[in-house]
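Working notes for the structure below.
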Amino acid sequence: MVSKELSGKEEYVRRFNLYRIIEHLVLIMLFVVLATTGFVQKFHTLSVSRSIFIGLGGIDSVRQIHHIAGVFFAVLTLQHILAVFIGIIFFKWPPSMLITFKDSRDALHNVRYYMGLLDSPAMCGRYTYKEKFVYWLILLGGIQMIFTGLFLWFPVDMTRYISGQIIPVSKIIHTNNAMLIFLLIAVWHIYDNVLNPEVFPLNKSIFTGYIKKSSMELEHPLELKELMEAGDEEETELHSDHEIGK
């Protein structure tokens, strides 16, 4: 939502509601727990892994924490999928995370822009092609992690119904996919939202729910244009920097 102009050094646009903020915070906490308890098992010979084992009460405690966090992650993923499905089908939410041909055009446009062949970056809507890529890789990778994690958690029960070869295959997929997701978040996502000079030292929008209007004009101009064209003062919301506790 876009607000009317108020006094202040910087104007902010409402981008995320409280539900999305809490969902993201829970996801961050689960990611840290799962990554820590998972990688210490994969790299158990390292001294830092042994220290974490001791600090958490041993390998059995580490595995139990990993399993409990995995259950919460599965619940979080399921509710996210259901919420999006219900929102799009019954509440007519725009499917803004769907990948379209425009995303490929935007990616090619930005390649030419970064090479100095164009004067301006691609005009993006609510989510850029980079944000969609990260979203779908984490969502689909997360679903894969849930199923392979179940196979590894209950190997005897699973092999009663499917071939036993699924267990070593699941282990390879689970650990390698975890590394891929970790690297994606550690390198790409953190750069875009922390180290990127345009947002450094931190893109606070997912924590406060607000984004600078100037940033939105640069990163999501099509969405801002749609909000401005809506022109309904009852549905618009713009805030100065002091109002959101900057």
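The values are calculated or read from the model by the stated rules, or taken from the named source; none is laboratory data. Everything quoted here is computed from the prediction, not taken from an experiment. Here the Cβ positions follow ideal geometry from the backbone for every residue, glycine too, while neighbour counts run over all protein chains shown.
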* To do: Would you mind stating whether Ser104 is modelled with pLDDT under 95, under 22 Å from the mean Cα position of the chain (by Cα) and surrounded by 11 or more Cβ atoms within 10 Å (Cβ to Cβ)?
  => no
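Please find, among Ile190, Ile172, Ile211, the residue that is surrounded by 12 or more Cβ atoms within 10 Å (Cβ to Cβ) and either within 30 Å of Thr148 (Cβ to Cβ) or not hydrophobic (A, V, I, L, M, F, W, C) (or both). Full working, then the answer.
Working: Ile172 fails: surrounded by 12 or more Cβ atoms within 10 Å (Cβ to Cβ); Ile211 fails: either within 30 Å of Thr148 (Cβ to Cβ) or not hydrophobic (A, V, I, L, M, F, W, C) (or both).
Selected residue: Ile190, the only one of Ile190, Ile172, Ile211 that is surrounded by 12 or more Cβ atoms within 10 Å (Cβ to Cβ) and either within 30 Å of Thr148 (Cβ to Cβ) or not hydrophobic (A, V, I, L, M, F, W, C) (or both).
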* Asked: Is it true that some residue in segment 96-108 is of a type outside the set (D, E, K, R), in contact with a helix residue (DSSP H, G or I) (Cβ under 7 Å, 6 or more places away or on another chain) and under 22 Å from Tyr19 (Cβ atoms)?
  -> yes
* Would you mention how many residues in segment 163-220 are of a type in the set (A, V, I, L, M, F, W, C) and assigned to a loop (DSSP other than H, G, I, E, B)? => 3
* Looking at (1) assigned to a helix (DSSP H, G or I); (2) out of contact with any helix residue (DSSP H, G or I) (no Cβ under 8 Å at 6 or more places or on another chain), which is the one condition that is false for Leu76? -> (2)
* In segment 145-174, which residues are closer than 14 Å to Gly70 by Cβ and over 16 Å from the mean Cα position of the chain (by Cα)? -> Ile146, Phe147, Thr148, Gly149, Leu150, Phe151, Leu152, Trp153, Phe154, Ser170, His174
* For segment 42-51, how many residues are surrounded by 16 or more Cβ atoms within 10 Å (Cβ to Cβ) and not hydroxyl-bearing (Ser, Thr, Tyr)? -> 0
